[in-house]
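Trainee: Take a look at the following structure, please.
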Amino acid sequence: MERTLRAYIENEPEVMMRVTALLKRKGYSMRKILMEADELKSGAWLNITLADEGPTFTVAMNTVGKVVDVHTVEEI
Amino acid sequence: MKLSGAQIVIECLNAQKVETIFGFPGGAVIPLYDALYDAKYPMKHYRTCHEQGAVHAADGYARTTGKVGVCIVTSGPGATNTITGIATAYMDSVPLVIITGQVGRPLLGRDSFQEVDITAMTLTITKHCEMVKTASQIESTLMRAFEIARSGRPGPVLIDIPKDIMIQVAEYRGEVMKPNSVHQELDHEAIQIAIDALKNAKNPVILAGGGVGLASASNVLKEFAARSNIPVVNTLMGSGAFPQSHHLSYGLIGMHGSVAANSCLSNSDVILAIGARFSDRVVGASEKFCSGAKIIQVDIDINEVGKNKEIMYPIVGDLGKVLSIFSEKLDGYRWESRSDAGKKCDVDHKAKQMLSAIRQTFGEDAIVVTEVGQHQMWTAQYYGFEKTRKFITSGGLGTMGFGLGAAIGSQIGNPEQTVVHIAGDGSFKMNSNELGTVSKYNIPIKTFVINNNALGMVRQWQRMFCESRFSETDGDDSVDFVKLAEAYGIAGYRVKSQEELEAVLKKIKNNKSPVVVDCIIDHDENVYPIIPPGKGITEMVTAFETLKREVSL
Ligand SMILES: Cc1ncc(C[n+]2csc(CCOP(=O)(O)OP(=O)(O)O)c2C)c(N)n1
Ligand SMILES: [Mg+2]
């Protein structure tokens, strides 16, 4: 089953790169990645849909949550 | 106060009370070195011979002092030369701030001279990295870099600064940043459940990892172990987390752990792991690792708990705080002493005797820095570490060439202490250029090359797992280490026997100058015990046998 996490991040490509590189290294298979600038607050929304592979979804959430410049993570 | 970007960098380092900087200049950091020219005591810059050496030096400085190590290098090749050092620090959770120069902003993205995208390259080996975009951001970015490097689980942070920004003038605010102590709420319920599990244990054991030293939790650990009479084993990085001479210590576990330690661990029904990540070098075959035991894992980093091994009782939080709660709630609980069987190690060989003479000469307070290979494992097995921040080694990445740079940083950070550098001949050749730094600053490191004239560790594997087909692992005696030392103006000795070594040790014991001692040993000496990769910790091999070709090297 695919699951999607949604992170609020600094609007910098490096943050997205770090998040995706980490998930790749942990063996996740990413089905969809969407980063959208949030015009109002100078941040960005990053949605990533993961296939049911690799470690658990919770580990993915924790991994992403620990990245500097990732402010919040939730499942949607 | 209006300052140039470069001056702001120096002011930030001052504000962070940085006294020691390691680095190497170049085009993109000329403005920075120009500002550094005016830096005042106690700030001092040490120029190494190679940027890798600079990062290892900053790393050794950080590991032994507990402060953040700082390193400045230029763009392009200067920056790429830091990569191995950064990855080494990252794998062992060492706090560093690396400042790289970058080409000016108008030149970015044009394959300009000495331009590389260093932040992209170091994304997965830093805790954080970023390029500063304007001079006005330098202050906040750098101050935050230090905070990130040292807070929570420490790690290296890289800040890339384009050259034009270093010349731009901006306001330096000199604001003091509040340490952003991300206060981690402890899950008291989880702790209580774990404590209850421990209460019901028949044969519990404490597994101490590198996190104990990082969290400065070794005193709490000592007290808890002594009160509860629970035996302690340590990982490679946990060497010294608990005094190895203590009767409760069973010593090193893992691939080259002792029989006593590995059997103590596998005969336990509850394992309390403190700041240990259950790496493959500790666990061997994960499914065979202590399959009957309940595991409590305490770590500051939520991503560590359960990463390599299914954990029944995960606890995230500061190790010292959690251990204190254990200590308090288990007051009055005392377990029966475990058998001492197997603790007396009857292995004996030349390298072991040499290490023990070195240990006797310099004592338990010396800082011991190693390279990577058999000599590293022998040091971990036999040296006997009593305190944290004394055994400095590249455990996670296993970087040959780490030792000399790290010894330089350790000595500079601890001028009153003896720094012993235990090297292998192969590793020493990788960064022996740093003898130039040792000589230039007269850094009194005592280097002992445990010289088997071989890439011994790999050779041992070829002997055990490849029917002694020694492919490219035999040495060729191509370097005379005594003459090499002398070329740098450093005293060099060669010793072939224990007596010769002891005579040299007597001579150099109180020397305040560097020395290189080439200690000749046999190339067929192996590290035992060994748990072949992919095997369980009960399948330990204690003497030479040719084993089936390994697929999972
Ligand atoms: C940079 C690097 N390259 C290769 C290796 C693989 N490797 C691990 S131990 C070893 C042999 C080290 O030889 P030496 O320094 O002489 O130590 P010894 O094992 O002989 O004590 C090698 C090649 C490594 N760990 N690091
Ligand atoms: Mg060797």
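The values are calculated or read from the model by the stated rules, or taken from the named source; none is laboratory data. Keep in mind it's a predicted model, so treat the numbers as computed, not measured. So basically every Cβ, Gly included, is an ideal-geometry build from the backbone, and we count neighbours across all protein chains shown. Note: areas computed on protein heavy atoms with side chains; ligands, DNA, RNA excluded. Shrake-Rupley method; radii C 1.70, N 1.55, O 1.52, S 1.80 Å.
Trainee: I'm told residue B:521 meets every condition in (1) within 13 Å of ligand 2 (Cβ to nearest atom); (2) more than 25 Å from the chain's Cα centre (by Cα); (3) open to solvent by 60 Å² or more (accessible area, probe 1.4 Å) except one. Can you identify the failing condition by its number?
Mentor: For residue B:521, the exception is condition (3).
Trainee: Being within 16 Å of ligand 2 (Cβ to nearest atom), in contact with a Gly (Cβ under 7 Å, 6 or more places away or on another chain), modelled with pLDDT of 95 or more and not aromatic (Phe, Trp, Tyr), is that true of even one residue in the range B:486-501?
Mentor: The answer is no; no qualifying residue exists.
Trainee: Of all the residues that make up the range B:190-209, how many are part of a loop (DSSP other than H, G, I, E, B) and surrounded by fewer than 24 Cβ atoms within 10 Å (Cβ to Cβ)? First the steps, then the outcome.
Mentor: Kept after step one, since they are part of a loop (DSSP other than H, G, I, E, B), are these residues of the range B:190-209: B:200-203, B:209.
If we keep only those that are surrounded by fewer than 24 Cβ atoms within 10 Å (Cβ to Cβ) as well, we get B:200-203.
Adding up the residues that qualify gives 4.
Trainee: Answer yes if at least one residue in the range B:491-513 is among the aromatic types (Phe, Trp, Tyr), in a helix (DSSP H, G or I) and closer than 21 Å to residue B:371 by Cα, and no otherwise.
Mentor: no
Trainee: Restricting to the range A:24-64, give me the number of residues that are touching a residue at least 12 places away in the same chain (Cβ under 8 Å), within 14 Å of chain B (Cβ to nearest Cβ) and either surrounded by 14 or more Cβ atoms within 10 Å (Cβ to Cβ) or in contact with a Ser or Thr (Cβ under 8 Å, 6 or more places away or on another chain) (or both).
Mentor: Our first condition is that a residue be touching a residue at least 12 places away in the same chain (Cβ under 8 Å); within the range A:24-64, this holds for A:26-35, A:37-38, A:42-55, A:57, A:59-61, A:63-64.
Those still in the list that are within 14 Å of chain B (Cβ to nearest Cβ) too: A:26-28, A:42, A:54-55, A:57, A:59-61, A:63-64.
Now restrict to residues that are either surrounded by 14 or more Cβ atoms within 10 Å (Cβ to Cβ) or in contact with a Ser or Thr (Cβ under 8 Å, 6 or more places away or on another chain) (or both): A:26, A:28, A:54-55, A:57, A:59-61, A:63-64.
Here the count works out to 10.
Trainee: In the range B:359-390, which residues are open to solvent by 20 Å² or more (accessible area, probe 1.4 Å), more than 16 Å from ligand 1 (Cβ to nearest atom) and not in a loop (DSSP other than H, G, I, E, B)?
Mentor: Answer for the range B:359-390, where residues must be open to solvent by 20 Å² or more (accessible area, probe 1.4 Å), more than 16 Å from ligand 1 (Cβ to nearest atom) and not in a loop (DSSP other than H, G, I, E, B): B:359, B:360, B:361, B:362.
Trainee: Quick check on the range B:452-469: of everything there that is in a loop (DSSP other than H, G, I, E, B) and within 8 Å of ligand 2 (Cβ to nearest atom), which residue is nearest to the chain's Cα centre (by Cα)?
Mentor: B:455
Trainee: Does the range B:426-450 hold any residues that are open to solvent by 10 Å² or more (accessible area, probe 1.4 Å), within 16 Å of ligand 2 (Cβ to nearest atom) and farther than 12 Å from residue B:53 by Cα, and which are they?
Mentor: B:426, B:429
Trainee: A further question follows. Out of all the residues in the range A:13-52, which are of a type outside the set (A, V, I, L, M, F, W, C) and in contact with a Phe, Trp or Tyr (Cβ under 7 Å, 6 or more places away or on another chain)?
Mentor: Passing the criteria: A:36, A:38, A:43.
Trainee: If we scan the range B:402-419, do we find a residue that is within 8 Å of ligand 1 (Cβ to nearest atom) and away from chain A (no Cβ under 14 Å)?
Mentor: Within the range B:402-419, not a single residue is within 8 Å of ligand 1 (Cβ to nearest atom) and away from chain A (no Cβ under 14 Å).
Trainee: Among the candidates B:449, B:420, B:479, which residue alone is without any contact (Cβ under 8 Å) to a residue 60 or more places away in the chain and either of a type in the set (Val, Ile, Thr) or part of a strand (DSSP E or B) (or both)?
Mentor: Just one listed residue meets the conditions, B:479.
Trainee: Please enumerate the residues belonging to the range B:330-355 that are exposed (fewer than 15 other Cβ atoms within 10 Å of the Cβ) and in contact with a helix residue (DSSP H, G or I) (Cβ under 7 Å, 6 or more places away or on another chain).
Mentor: The one that is exposed (fewer than 15 other Cβ atoms within 10 Å of the Cβ) and in contact with a helix residue (DSSP H, G or I) (Cβ under 7 Å, 6 or more places away or on another chain): B:334.
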